Amino acid sequence: MKRMTLIATAIVAAACVAGQPAAAYQIRTTGRTMASPQLAADVLNDIARYSKTTGGCSFIYSADMRIVPDSQRADGGHTEIWTLNACAAKQRFRIAMRPSPRGGSDYTIQPLTGRMPLWVR
């Protein structure tokens, strides 16, 4: 009976972690971004929702963020490429950020690849 209790507890704990928004746990980040911490958290939460919809899982382990050279635009915006390790797969996204006329920033997220094995560079 103790084994069944342990298994049930592990399943509940895993469900709680997997159901949390991306900003609720520490994500290992590398590279460089021009996004503020709040903007980066918003983008990661949207990508986590996308990952949940397309792959059934929203857990993001790490993110490598790179500013696209010469991507500065006249409207003050720029583009970045983010490579995420999400749900044991790698996926790349183009993130276009720009100042919002309402204050803060607006952004668009474009998937560049499907889910790839982690060993793909």
(request) Kindly indicate whether Asp106 is without any contact (Cβ under 8 Å) to a residue 12 or more places away in the chain, of a type outside the set (Val, Ile, Thr) and surrounded by 13 or more Cβ atoms within 10 Å (Cβ to Cβ). (result) yes
(request) Filter segment 74-121 down to residues that are touching a strand residue (DSSP E or B) at 6+ places or on another chain (Cβ under 9 Å), at pLDDT 90 or above and in a loop (DSSP other than H, G, I, E, B) and give me whichever is nearest to Arg32 (Cα to Cα). (result) Gly77
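Looking at segment 69-91 only, could you name the residues that are free of Cβ contacts under 8 Å to residues at least 24 places away in the same chain and under 16 Å from Ala40 (Cβ atoms)?
As a first pass, look at segment 69-91 and keep what is free of Cβ contacts under 8 Å to residues at least 24 places away in the same chain: 69-72, 74, 76-77, 79, 83.
Matches in segment 69-91: Gly77, Thr79, Thr83.
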(request) Being out of contact with any Pro (no Cβ under 9 Å at 6 or more places or on another chain) and under 16 Å from Thr30 (Cα atoms) narrows it down to one of Met116, Met97, Met65, so name that one. (result) Met65
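The values are calculated or read from the model by the stated rules, or taken from the named source; none is laboratory data. Just so it is clear, the model here is predicted, and its values are computed rather than measured. Positions of Cβ are backbone-derived with ideal geometry, glycine not excepted, and every protein chain shown enters the neighbour counts.
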